[in-house]
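A quick write-up on the structure given underneath.
The values are calculated or read from the model by the stated rules, or taken from the named source; none is laboratory data. Not measured: the values here are computed from a predicted model. Positions of Cβ are backbone-derived with ideal geometry, glycine not excepted, and every protein chain shown enters the neighbour counts.
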Amino acid sequence: MKIISVVGARPNFMKIAPLIKVISKYNECEEEKIEHMLVHTGQHYDDRMSKAFFKALDIPDADINLGIGSGSHAEQVGKTMIAFEKVLIEEKPQWVIVLGDVNATLACSVAAKKLHIRVCHIEAGLRSFDDRMPEEINRLVTDRLSDLLLTPDELSIENLRNEGVTRSKIEFVGNIMIDTLESNRVKASNLIINEIIEDNFIQEQKSNDLNNFNFSTSHFALMTMHRPSNVDKKEILEPIIQFLLDEVSLDMPIIWPIHPRTKNKLEQFNLWDKVILNDKLILLNPLGYHEMLKLNMESKIMLTDSGGLQEECTVLGTPCLTLRWNTERPITLRKNGGASVLVGNNISRIREEYKKTLKLNRTPDRPKLWDGKTAKRILEAILKSNK
Ligand code: UD1
């Protein structure tokens, strides 16, 4: 059997790592081998957004890099489809595996399906029910086309059934991100926070004297933000920045590994100088997997609009404010046993929940099948439907 797996953007890399490992293990033990190829679309291309993850998570170099780079959605999807179709015609795989909800997921599932190649979607069935999110469109189209839909939770099965997907195409396998978290927990916990900060500090932040901080006390907030709905408009981004500077930073230092999109927008809106001059806001370059995991393990509170971090906060128990009005991952919400609460981008709502959240203790949760063994179940599901 020949399989091509596709990765494109940062959140895909931690999801593919455990699958590649179980395929290698399978090939060591079984006579009939799986021929596996890894294709990187090149949507994320900075070393810190891509190469660093391959290295840290021991992912072999991609067999093919399509070199798509940045661009509008149509540009990214269009260029990926054109380039990936050529790969498919040349390589003729039986299966294409796509992950998550990035532009590569959509582009490659459409290209494969049109060539009658079977598509397996890992992380199927998540729905925010907000079709203004580019990722929701990617999820809807990919799930509509996929032959094998592997869900991280049972709510996702329900979503797919409500859309009319045949039950036999769906398999509940758990969350593959947690495989990566579990196998890297020890390595991450051995890192030293001050070293993470020194190594990743944005040099422009010269006024900041790191010696003033003692991060071993876990008294810091961790922040990430990159969604277009939060960062693309000045009237939304600026009040959030102001809230961080005027309120959160008075309680504790804020560590913020900054996404390239967000940095570009802060510069464009003339907010960059304001953030780099505040010495309680510690801006870092995008972090590696273990570094981010260590900070998440130790932080007092997380503020984020990332889907993956909401999941990791659930398992680690980090009290989390999700800077979104909805989530495709309701299992991560406190009302469902998780660690996060939706606060959107309205400052009074953020403030109210921030105050409540500061009083919470770390309470880890483990949703069903988020047990570190999802990659194995994924491979079994593919082998079963290949018969
Ligand atoms: C993408 C995913 C999103 C995911 C996020 C994680 C889609 C639709 N969105 O969003 O689901 O949560 O990745 O990071 O696929 N850039 C760089 N270097 C890079 C990559 C991007 O400088 O390595 C800059 C470019 O200027 C680009 C901007 O960041 O225009 C945004 O990148 P893009 O690939 O469009 O999407 P993300 O916002 O990263």
Condition check for residue 171: on the phi < 0 side of the Ramachandran plot, in contact (Cβ under 8 Å) with a residue 24 or more places away in the chain and surrounded by fewer than 16 Cβ atoms within 10 Å (Cβ to Cβ): no
Any hit, region 97-117, residues being within 16 Å of the ligand (Cβ to nearest atom) and of a type in the set (Lys, Arg): no
Filter result (among the hydroxyl-bearing types (Ser, Thr, Tyr) and surrounded by 15 or more Cβ atoms within 10 Å (Cβ to Cβ)) within region 351-371: 354, 357
Residue 75 being in contact (Cβ under 8 Å) with a residue 40 or more places away in the chain, of a type outside the set (Ser, Thr, Tyr) and over 20 Å from residue 144 (Cα atoms): no
Top-ranked residue of region 186-214 - restricted to ones that are buried (at least 17 other Cβ atoms within 10 Å of the Cβ) and either at pLDDT below 75 or in contact with a Ser or Thr (Cβ under 6 Å, 6 or more places away or on another chain) (or both), ranked as nearest to residue 259 (Cα to Cα): 205
Qualifying residue in region 119-135 (condition: within 12 Å of the ligand (Cβ to nearest atom), closer than 23 Å to residue 385 by Cα and not in a helix (DSSP H, G or I)): yes
Residues (surrounded by fewer than 18 Cβ atoms within 10 Å (Cβ to Cβ) and of a type outside the set (D, E, K, R)) located in region 215-235: 216, 217, 218, 219, 228, 229
Yes/no for residue 306 being at pLDDT 95 or above, away from the ligand (no atom under 16 Å from the Cβ), small (Gly, Ala, Ser) and crowded, with 18+ Cβ neighbours inside 10 Å: no
Search result, residues across region 224-262 that are within 14 Å of the ligand (Cβ to nearest atom) and of a type in the set (S, T, N, Q): 224, 229, 230, 262
Test result for residue 139, closer than 28 Å to residue 69 by Cα and within 17 Å of the chain's Cα centre (by Cα): yes
Residue that is nearest to the chain's Cα centre (by Cα) [pool: residues in region 26-75 that are within 10 Å of the ligand (Cβ to nearest atom) and among the β-branched types (Val, Ile, Thr)]: 41
